[in-house]
Amino acid sequence: MEAQCQSLADKLTLPLLLKRNAEEYASAPALTSGDTTLTWARLRERTAALTRGLDALGLKRGERMMIMMSARPEHWIVDFAAVHLSAIPCTAYQTLSTEQVGYVARHSGATVVVLEGKDEVARWWPVLETLGALKRIIVADPAAIPAGDARFISFEQVEAQGHEAHQAAPRVFEERWSAIRPEDPIAMMYTSGTTGDPKGVVLSHRNAFYEAIAVDAAIPVQMRVPSIAYLPLAHVAERELGLYRALYKALHVHICTDPTGVVPLLAKARAPAFFGVPRLWEKLAGGLKVKLGALEPARRDPILAAHALALEAFRLQGAGRAVPPELQRQVAEADARVLEPLRKTLGLDALQWASSGSAPIPVEILEYLGGFGIRVLEVWGMSETTGCATINTPTDFRIGAVGRPLPGLELRLAGDGEIFVRGPIVFSGYLAEDGRVVSALDADGWLATGDIGTLDADGFLTITDRKKELLITSSGKNIAPSKIEGMLRAHPLVGQAIAIGDTRPYVTALVALDPEAAPLWAKSQGLTSVSLADLAREPAVRTELEALVGAANARLSRAEQIKSFDVVPDTWSPVTGELTVTLKLKRRVLLAQYAERIAALYANA
């Protein structure tokens with residue numbers, strides 16, 4: 001299988017696949033956003049126009065183009081167009097501050113910038129004079145263009161001028177991309193910068209399409225089936241799934257611009273495969289718990305009974321054990337009678353492969369959803385591995401593990417448990433400030449991932465923590481905070497949690513309530529106050545969380561147990577600065593922001 005994947009990846013580039021799709025599936029839908037659908041033929045036509053338009057603006061081979069736009073068809077088009085010029089597109093998260101924008105813009109040496117509207121222009125405006133390489137700024141909303149500034153041009157104008165040039169000489173477009181090779185860059189993305197400045201990860205066409213080929217070999221999907229794109233295209237998962245895998249399988253991508261509309265869109269599109277970040281699955285589980293709690297016993301009890309049967313079977317399979325025939329029969333009956341109709345109401349009955357990655361997900365969430373027949377299987381990877389490097393499949397998985405390596409990927413553990421990987425999905429290197437792409441591999445081609453893990457006898461990998469995030473208590477105990485935090489987040493009341501204990505005598509925690517689920521929980525308990533600030537002081541909330549901490553402590557070693565905790569009245573987010581754009585904790589920010597509260601937790605130490 002590895003040889004087949006490699007042989008195919010050695011022949012593919014983005015322009016080749018877009019041309020194939022436009023010719024073989026010309027009238028088939030490629031992108032749908034709201035009421036607008038682009039066919040594969042139309043998508044390539046617009047890509048050709050943008051390619052010529054960007055060429056006229058001076059975008060050249062090897063130059064970087066920064067994009068700050070929401071998920072919209074124009075984002076796909078301009079990204080593809082840059083690749084056809086052998087330039088390197090890079091999407092910046094829309095939540096970046098002006099200071100963060102300045103860093104990535106200067107570091108990338110971007111010559112062309114593509115912005116959405118007034119908000120993006122306002123954040124870029126203070127740093128534009130510091131960008132010596134910048135040639136032009138393209139803006140999707142013409143009303144956001146500053147009057148009289150010749151550096152700015154509308155997206156519509158670039159496309160119109162490019163369309164005219166393409167109509168006059170169509171062969172120019174084809175000639176521009178014909179020299180592109182699989183080893184050439186296809187994109188760059190910046191890491192979230194949890195442990196330092198963001199790094200520019202450069203991927204090749206071979207990286208992108210080997211990943212798509214290998215994932216499809218492990219879990220095949222049919223050509224041209226629907227898929228959902230809801231994550232930012234700055235996220236490696238969405239870039240791989242929404243752009244490259246979509247090209248490889250000619251998928252019909254349904255763009256979701258509102259994160260709260262993901263599940264309804266999934267129900268409408270009926271996508272057979274879906275990747276969700278842990279927070280999405282946690283919210284789904286939390287919502288189900290609240291809704292079940294509000295049902296009358298006559299309606300709730302049959303669901304709980306069916307859930308118990310399905311959960312038993314899920315746990316057996318997730319431990320690599322056989323499910324007894326009698327239990328299989330009972331689960332099949334309960335599923336047909338109770339669980340499948342429930343999944344239909346959620347729009348998840350067509351889902352054949354649900355996956356989770358980007359951050360740890362509590363086992364309790366996997367098991368709770370698994371009991372409804374919603375089998376969420378973990379994957380693991382990073383930007384530097386072009387997305388997932390290990391994968392669980394619907395027929396071969398372990399609960400709590402992140403799967404086995406993709407075909408062709410080698411994996412080994414160092415003495416301290418750090419995971420090293422080697423293979424065709426490992427990135428080209430990091431972008432240096434002088435424009436070079438510098439390899440991060442050792443002499444033997446291995447990449448140090450910074451993640452700590454274990455391998456079981458069957459080759460399944462379990463992630464225990466980030467090497468740089470381990471807590472080392474004053475007594476020298478090494479503690480993985482993500483394990484503790486995941487147990488706390490499993491409760492619908494909890495939006496985020498941080499475990500504290502580095503250089504301290506014991507572990508404590510701060511809890512931020514979930515802004516959506518916590519008020520619903522409060523109402524279900526008959527509480528009149530539902531504001532987060534009031535709920536943080538509510539005795540009933542404290543009692544519930546004390547029970548949660550007690551249950552978590554019962555499953556933790558003595559050194560890991562939470563000795564004290566506090567509930568903060570705030571919501572943590574990338575906008576307010578406590579989370580990265582990929583929803584990881586910014587531990588240094590949180591420790592500084594809540595220094596007084598943390599000190600109080602250790603007042604009697």
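What fraction of the Cα pairs in the chain, stated in percent, has a spacing above 49 angstrom?
12
How long are the semi-axes of the equivalent ellipsoid of segment 300-360, taking √(5λ) for every eigenvalue λ of the Cα gyration tensor, in whole Å from largest down?
Sorted largest first and rounded, they come to 20, 18, 11 Å.
Would you please put 208-215, 537-544 in order of how densely packed they are, using the mean number of other Cβ atoms within 10 angstrom per residue and starting with the highest?
208-215, 537-544
Which percent, to the nearest 5, of DSSP beta bridges fully inside the chain are antiparallel?
For the chain, the DSSP antiparallel bridge percentage is about 55.
Starting from the Cα-Cα distance between Ala122 and Glu326, subtract it from 0.36 nm times their residue separation and give me the gain in nm to one decimal.
Extra length from Ala122 to Glu326 when fully extended: 67.1 nm.
In Å, what Rg and Dmax follow from the Cα atoms of segment 64-166?
Gyration radius and largest Cα-Cα distance of segment 64-166: 12.7, 38 Å.
Assuming 0.36 nm per residue, please report the length gained on full extension of the stretch Asp456 to Lys268 beyond their Cα-Cα distance.
Result: 63.7 nm gained on full extension.
Between Arg555 and Thr95, what is the label-point separation in nm under the 7 Å Cα-to-beta-carbon projection?
2.6
In whole angstrom, and with the biggest value first, how far do the Cα coordinates of segment 95-223 range along each principal axis?
Each principal axis gives a Cα extent; for segment 95-223 these are 52, 51, 27 Å.
Which ³J(HN,Hα) values, rounded to whole Hz and listed in residue order, are derived for segment 56-68 from phi using the Karplus coefficients 6.51, -1.76 and 1.60 in 6.51 cos²θ - 1.76 cosθ + 1.60 with θ = phi - 60°, glycine and proline given as x?
5, 7, x, 5, 10, 3, x, 6, 9, 10, 8, 10, 10
Once each part is reduced to its C-alpha centroid, what is the distance from segment 389-410 to segment 213-246 in angstrom?
One Cα centre to the other: 17 Å.
On average, how much accessible surface per residue is there in the chain, in Å², for a 1.4 Å probe, leaving out ligands, DNA and RNA?
Dividing the accessible area of the chain by its residue count gives 41 Å².
If a paramagnetic tag sat 7 Å from the Cα of Arg315 along the Cα-Cβ line, which residues of segment 537-562 would have the backbone N under 19 Å from that point?
551-556
Please work out the FRET efficiency for the pair Asn478 and Ala440, using the Cβ-Cβ distance as r and a Förster radius of 35 Å; give the result to the nearest 0.05.
For Asn478 and Ala440, the calculated efficiency is 0.85.
With each pseudo-label sitting 7 Å past Cα toward Cβ, what's the Glu333-Ala298 distance in nm, one decimal?
Simple spin-label model gives 2.3 nm for this pair.
Can you give me the % of accessible surface on segment 272-422 that is carbon or sulfur? Probe 1.4 Å, all protein chains present, nothing else counted.
The value for segment 272-422 is 55 percent carbon and sulfur by accessible area.
What order, most packed first, do the peptides 389-395, 264-270 have when packing is the mean number of other Cβ atoms within 10 Å of each residue?
The packing order, highest mean first, is 389-395, 264-270.
For segment 1-90, which trypsin sites (Lys or Arg not before Pro) pass both filters: DSSP loop (anything but H, G, I, E, B) and at most 16 other C-beta atoms within 10 Å?
Counting only loop positions with at most 16 other Cβ atoms within 10 Å, the trypsin sites (Lys or Arg not before Pro) in segment 1-90 are Lys11, Lys60, Arg61.
Measure nothing but the geometry: give the 0 to 90° angle between the long axis through the Cα atoms of 14-24 and the longest principal axis through the Cα atoms of the chain, rounded to 10°.
80
In percent, how large is the relative contact order of the chain, given Cα pairs closer than 8 Å and 6 or more residues apart? Please report the intermediate quantities before stating the final value.
Values: 1160 pairs, mean separation 66.9, N = 605.
So the answer I get is 11 percent.
Between Ala56 and Ser154, what is the label-point separation in nm under the 7 Å Cα-to-beta-carbon projection?
Taking the two extended label points, one gets 1.5 nm.
All other residues with a Cβ under 13 Å from the Cβ of Lys199 taken together, and with Lys, Arg as +1 and Asp, Glu as -1, what is their net charge? Could you put the intermediate results ahead of the total?
Working: positive: none; negative: Asp197, Glu384, Glu433.
Summing Lys/Arg as +1 and Asp/Glu as -1 gives -3.
Which FRET efficiency value, to the nearest 0.05, do you get for Arg20 and Arg171 by plugging their Cβ-Cβ distance into 1/(1 + (r/R0)^6) with R0 = 30 Å?
0.95
Based on the mean of other beta carbon atoms within 10 Å per residue, what is the order of 314-323, 351-360, 97-106, most packed first?
The most tightly packed comes first, giving 351-360, 97-106, 314-323.
Tell me what the chain gives for mean residue ellipticity at 222 nm when only DSSP H runs of n ≥ 4 count, each as -39,500 (n - 2.57), the sum divided by the residue total, rounded to 500 deg cm²/dmol.
That calculation yields -11500 deg cm²/dmol at 222 nm.
Please state the equivalent ellipsoid semi-axes for segment 441-503: what are the square roots of 5 times the Cα gyration tensor eigenvalues, largest first, in whole Å?
They are 26, 17, 12 Å, listed from largest to smallest.
Taking the Cβ of His107 as the centre, find all other residues whose Cβ is under 13 Å away and add up their charges (Lys, Arg: +1; Asp, Glu: -1).
Net charge around His107: 0.
Roughly how far apart, in whole Å, are the Cα centres of segment 8-64 and segment 90-124?
Each part reduced to its Cα centre gives a spacing of 24 Å.
Between the alpha-carbon centers of segment 423-471 and segment 153-211, tell me the distance in whole angstrom.
Computed from Cα coordinates, the inter-centre distance equals 25 Å.
Taking only C-alpha pairs under 8 Å that are 6+ residues apart, what is the relative contact order of segment 212-274 in percent?
Values: 77 pairs, mean separation 27.3, N = 63.
43 percent.
The values are calculated or read from the model by the stated rules, or taken from the named source; none is laboratory data. Being a predicted model, the structure only gives us computed values, none of them experimental. Cβ sites come from the backbone with ideal geometry, for glycine too, and all protein chains shown count toward neighbours. Note: accessible area is taken over every heavy atom of the protein model, side chains too, but ligands, DNA and RNA are not part of it. Shrake-Rupley method; radii C 1.70, N 1.55, O 1.52, S 1.80 Å.
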